[in-house]
Amino acid sequence: MKKTEQLRVLNELNEHIATGSTTDAGGVMRAPMSDFTDPQLFLREKEAFFRKEPLCMGLSSELPQSNTYWSDNATGMPILMVRDGQGHFRAFANVCRHRGSLVVEEGRGSRSRFTCPFHAWTYGNTGDLIAVNKSSQFGDVSDLGLSLFELPSAELYGTLWVRPIQGDPIDEEDCLGGLQDDFMNWNLPDHPFIGMQIIDARMNWKLVIDSYGEIYHLNVLHKETIGDAVIGNAQTLATFEKNLRMVVANQKFNLLRMLLPYPDRWPYKQVTQTIYFLYPNVIMMIDSFGIDFLRIFPLNDSPSHSRTIHTWYIDPKVQKQFEDQGLSHEDKLKLFRESVEQEDYVMGADIQKNAELKIQEEIVLGRNEESLQHFHNAHRLGLGREQLQVGTT
Ligand code: FES
Ligand SMILES: [Fe+2]
């Protein structure tokens, strides 16, 4: 995020806090509750969002140097991502061309050759089949073109994108929609991967995304826990095609408002949390500790279950300080887990049950829940559904 844009956002937040205002969609919007339960809609979403669309998988530091790999099944498709010998990011369907088993088990590491655990065919990290076990007995397959199927992939300003099935190349503008300046200025590739955790919930995957899109609930649902950390009911919103960026202020922001009334001197990252939605299923949150990266998927082939994969990449500027002070990476991950698992996702599971009981047909997205209005319409656009409109109140 450029310095000039940071200052503009600081001033906007300052104004919101001073006047008791927040982002304003201009009207409320009603959305069907069946969006969280409809099995037909779910099948369309699975095909459109988790097969055909490019997905942001993580940051470049997942593959920190040449000849590293990351095998991931979270999208529902087995994907092998590599940084090849030349340092290029590439992705392949992780399916052996012999009899179709998984070639590489899920995980990360350094390796340039992959041997299938079934009959030991070996592939290079260019996807080429480089050895067939007992080839004289098996027979000659050299003319059959049995490389791993390469998937469209792109590394964009420190983010890794893959289309889970073969198709058109990945289009940068289609993925980022104007976020290039922001991403270029965050130095995303310099944030080392620290750890990841899986948080499953009995709630629709879009309901999970909604839970990160507004802070209207912060001082209510989280009043006993993290509610005081952020100033509730003051946020900014900027949209970038189907993506968006929202910024909220923490308590240090309030302190500086009193002590130093010049936003151009405030350290942006120390006083804010910047939250991106990367269509269709990623929430990326940037603060002074680093980047919390959330990939949100349907689980168990069901509209009622979801999996959040939380990855934490530390800010290189605080890494040493973090370690010197004996702060534990595990504790940081645990803190995040507890706040969502014990509060947001409990609330979400109740909403999911009520949606399944079909007591009411609609939910209402407020003027101050403009990000949620954007999520809902972005997903509708992706399926060619009619856009929801704001009302007049
Ligand atoms: S299925 Fe991979 S070597 Fe046979
Ligand atoms: Fe929350």
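The table below lists the values:
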item: Charge dipole magnitude, Cβ of K and R +1, D and E -1 - segment 80-122, Cα centre, debye nearest 20; result: 100 debye
item: Farthest positive-ward along the chain dipole, Cα basis, beta-carbon charges - from LEU41, SER136, GLY382; result: SER136
item: Label-to-label distance, nm, for residues given as PHE118 and HIS88 (7 Å Cα→Cβ offset); result: 2.8 nm
item: FRET E, pair ASP324, GLU361, Förster distance 41 Å, beta-carbon r, rounded to 0.05; result: 0.15
item: Distance violations [Cα-Cα > 21 Å] among LYS269/LYS320; LYS3/LYS320; LYS3/LYS223; result: LYS3/LYS320; LYS3/LYS223
item: Estimated [θ] at 222 nm from DSSP helical runs (n ≥ 4, -39500 (n - 2.57)) normalised by residues in the chain, nearest 500; result: -8000 deg cm²/dmol
item: Top positive-direction residue, dipole computed over segment 55-170 with Cβ charges, set SER71, LEU160, CYS116; result: CYS116
item: Fully extended contour minus Cα-Cα distance, from GLU106 to GLN389, at 0.36 nm per residue; result: 97.6 nm
item: Cβ charges +1 (Lys, Arg) and -1 (Asp, Glu), total dipole of segment 154-271, debye; result: 660 debye
item: Ranking of TYR268, TYR123 by count of other Cβ atoms within 10 Å, fewest first; result: TYR268, TYR123
item: Likely footprinting exposure, GLU45, GLU361, fewest C-beta neighbours within 10 Å first; result: GLU361, GLU45
item: For segment 55-170: relative contact order, % (alpha-carbon pairs under 8 angstrom, 6 or more apart); result: 27 percent
item: Net charge, THR311 excluded, C-beta distance under 10 Å - Lys, Arg +1, Asp, Glu -1; result: -1
item: Highest-first arrangement of 276-287, 251-262, where packing means the average Cβ count within 10 Å; result: 276-287, 251-262
item: Fewest-first sequence of ASP174, ASP35 by Cβ atoms within 10 Å of each Cβ; result: ASP174, ASP35
item: Local electrostatic count, GLU214, Cβ distance below 10 Å [Lys/Arg +1, Asp/Glu -1]; result: -3
item: Simple Cβ-charge dipole of the chain, Lys/Arg +1 and Asp/Glu -1, about Cα centre, in debye nearest 20; result: 460 debye
item: For GLY391, net neighbour charge (Lys/Arg +1, Asp/Glu -1) across residues whose Cβ lies under 12 Å away; result: +1
item: Computed E for SER302/GLN342 - FRET, C-beta separation, R0 25 angstrom, nearest 0.05; result: 0.65
item: Dipole of the chain, positive direction: furthest Cα of HIS16, TRP186, VAL103, with charges on the beta-carbon; result: VAL103
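Since every read-out is calculated from the coordinates, none of them should be taken as a lab result. In this text, all values refer to a predicted model and were calculated from it rather than measured experimentally. Glycine also receives a Cβ, built like all others from the backbone with ideal geometry; neighbour counts cover every protein chain displayed.
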